[in-house]
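The values are calculated or read from the model by the stated rules, or taken from the named source; none is laboratory data. Because the structure is predicted, anything quoted here is derived from the model rather than measured. Cβ coordinates were reconstructed from backbone atoms using ideal geometry, including for glycine residues, and neighbour counts include every protein chain displayed. What goes into the accessible areas is simple: the full protein's heavy atoms, side chains included, and nothing from ligands, DNA or RNA. Shrake-Rupley method; radii C 1.70, N 1.55, O 1.52, S 1.80 Å.
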Amino acid sequence: MMHHQMNFSKSPVCNLTPGTVIVGKWHKNRYTLMRRLGFGATGAVYLSKDANGNKVAVKIGQDNMSITSEVNVLKTFSRVQGNVLGPSLIDVDDWYYEKKQYPFYAMEYLEGENVLSFMKGKREEWVGILLVQLLTDLERLHKAGWAFGDLKPDNLIVVGPPYRIRLIDVGGTTLIGRSIKEYTEFFDRGYWGLGSRRAEPEYDLFAACMIMLNMAYPARFEKKAQPEKQLAAAVNKSPLLKRYRKIVINGLFGKYNSAEKMRNDLVHTLSTYKKQAPVADQEAMSRSVRRSNQKKKKTKILFETLLLASFLFIVYMFYLVSQTM
Amino acid sequence: MKRKGTLRQILLITDGCSNQGEDPVAMAALAREQGITVNVIGVLHEDTPEYQARGLREVEEIASMGGGISQIVYTRQLSQTVQMVTKKAMTQTIQGIVNSELQQILGNDYRVDDLPPEKRGEVIEVVDDLGETMDLEVIILIDASGSMENKLATVQESLIDLSISLNSRIGDNQFSMYAFPGKKKDVELLMDWNGRLDSLTTIFSKLSSGGITPTGPAIKEAIQAFTIRRSKRSLIRDDASSDEFLEESGM
């Protein structure tokens, strides 16, 4: 379902004061709320302390339906090998507050920075690196039979160092083949008239490309009469996306049918792209020149080693042959 | 594939209070009795929101009597709202059915909320699954009174968006559309049953806004249209049994 904040923002569980203690009806675990981390269509997330003083994130929702299906998704994630897809689930319970029952769940608290603020002042290679990490996770998610759905900067976080992008809000995660549960217009393929809202890898890859565009245009932009042309022009005009141009266009127009393919293209671009005469960036240039000199030296050494090895091998062969004779 | 029954909804898009014919709140109650959910979207004018306070109370009353969802929005939020309200109402109806099934098994006053969280997951999966696969019939009622005139382009856009969302589902969708007031009658058919909404441009250009707001008669007309469709279908196909179950418990 759509992000629709005006309804939930009025809910009593959306504006709980720090210090509020939540005790689960079924499992009797206690959580002390510290501060609100954010709220969305389905509930509010609070940074909290559990009974042992550990930091956890607690999401309290209005209705059972969406909270329970999020829990279902988080449970599935923990069965996907490697378990880095989304935060891990700790507890699921209900809480009585002002004579009403509210479903909630506790999950691992991921400490990090919003993707867009992380990108501030960072150079274009970081766009590629964050996307490669994101696409690695998406590939595993898709292989497990799910599309993330509501892919946007708000639902991503950069943890570290070492820096690693993580998916945090799984409210939009939908079984592949079904209709996307939750989406945000700017990142939604349907809104831009570039396809359906069916959950499939291409849907997430479109959103991933829109995240790249959002990095280039932090203020975003409104849809105009010819959205296809508008998006292509936005990609082409951005200096930040210059080296990724082809990849972003392919992703936007559904040319990649797997996250892995887009990821491979990004990795290739990141490792081979040559910057054209960066006039303003003297230091970076001399650095890259130095690096390429080192590279040349390295290949020279490698070549000489190979030559020597093959020479020795031939000598050894002669030796062997002479032995049998 | 096994048929899973049909959900029936009326989606009313209006900007104010009715002033002609039957009481729309009573008509909404009648719809609900027949297993049809009535959802209402109240469109606010950016410049005169306070003027509309009375009309908007009616919006809430219609939806609450019609067992549906109401939402009041400014024009620019219409797209998001239309599809959100429709999908949410579907879930609510299905959850109502599932709840009454649970009550039959486990006793009165038993709801999904009373299940321990571990068991709840499976029930919600069933609800989710039905929402994705059940067929859906929506009659859209568009207020074409004078004050709505400059909003019709946005209404059109939001209905196309609704069609994108619903046609991404596995289940089948059928839409039908009426305007009130129409050119010649209080309520006029704009589009007969159709699986898509993307041919709306021509339909909307035919709309002319009038002075009266016959909301009640429009809901009545929609109920009749559902009844006719249902009787036609039961003549063709013998699937009345699976539908009956939904009609009885549709809440």
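Some notes on this structure:
- Checked across segment B:228-235, the condition of being in a helix (DSSP H, G or I) and modelled with pLDDT of 90 or more holds for at least one residue.
- Some residue of segment A:3-15 being open to solvent by less than 70 Å² (accessible area, probe 1.4 Å), in a strand (DSSP E or B) and modelled with pLDDT of 85 or more: no
- Checking each residue of segment A:234-242 against the condition of being closer than 20 Å to B:S165 by Cβ and at pLDDT below 95 gives no match.
- Checked across segment A:178-185, the condition of being in contact with a strand residue (DSSP E or B) (Cβ under 9 Å, 6 or more places away or on another chain), among the hydrophobic types (A, V, I, L, M, F, W, C) and within 12 Å of chain B (Cβ to nearest Cβ) holds for at least one residue.
- B:A153 within 14 Å of another protein chain (Cβ to nearest Cβ), within 18 Å of B:F204 (Cβ to Cβ) and either open to solvent by less than 10 Å² (accessible area, probe 1.4 Å) or small (G, A, S) (or both): yes
- Hits in segment B:21-53 (condition: modelled with pLDDT under 90 and open to solvent by 70 Å² or more (accessible area, probe 1.4 Å)): B:E46, B:D47, B:E50, B:Y51
- Against the conditions (1) assigned to a helix (DSSP H, G or I); (2) farther than 19 Å from B:I212 by Cα; (3) modelled with pLDDT of 85 or more, B:I62 satisfies every one except (2).
- Hey, B:K87 of a type in the set (K, R), open to solvent by 50 Å² or more (accessible area, probe 1.4 Å) and either in a helix (DSSP H, G or I) or more than 10 Å from chain A (Cβ to nearest Cβ) (or both) or not: no
- Selection from segment A:185-197 of residues that are within 20 Å of the chain's Cα centre (by Cα) and buried (at least 20 other Cβ atoms within 10 Å of the Cβ): A:F187, A:D188, A:R189, A:R197
- Looking only at residues in segment B:182-229 that are small (G, A, S) and more than 19 Å from B:G42 (Cβ to Cβ), the one that is most open to solvent (accessible area, probe 1.4 Å) is B:S205.
- Any hit, segment A:203-218, residues being within 20 Å of the chain's Cα centre (by Cα), buried (at least 23 other Cβ atoms within 10 Å of the Cβ) and among the charged types (D, E, K, R): yes
- Restricting B:S158, B:S168, B:S100 to residues that are hydroxyl-bearing (S, T, Y), buried (at least 19 other Cβ atoms within 10 Å of the Cβ) and either away from every other protein chain (no Cβ under 11 Å) or in a helix (DSSP H, G or I) (or both) narrows the list to B:S158.
- Taking the criterion of being within 24 Å of B:G131 (Cβ to Cβ) and open to solvent by 20 Å² or more (accessible area, probe 1.4 Å), the only residue of segment A:101-128 that qualifies is A:Q101.
- Residues being within 17 Å of A:L134 (Cβ to Cβ) and of a type outside the set (A, V, I, L, M) - total across segment A:153-182: 11
- Restricting B:I170, B:I124, B:I212 to those that are more than 17 Å from the chain's Cα centre (by Cα) and over 23 Å from B:L7 (Cα atoms) reduces the list to B:I212.
- So B:D109, is it within 9 Å of chain A (Cβ to nearest Cβ), at pLDDT below 85 and either exposed (fewer than 15 other Cβ atoms within 10 Å of the Cβ) or in a helix (DSSP H, G or I) (or both): no
- Scanning segment B:112-150 for residues that are among the small types (G, A, S), within 11 Å of chain A (Cβ to nearest Cβ) and open to solvent by 10 Å² or more (accessible area, probe 1.4 Å) yields a single hit, B:G131.
- Test for B:R76: is it modelled with pLDDT under 85, surrounded by fewer than 17 Cβ atoms within 10 Å (Cβ to Cβ) and within 14 Å of chain A (Cβ to nearest Cβ): yes
- Residue count for segment B:189-226, restricted to those that are under 18 Å from B:D15 (Cβ atoms) and assigned to a strand (DSSP E or B): 2
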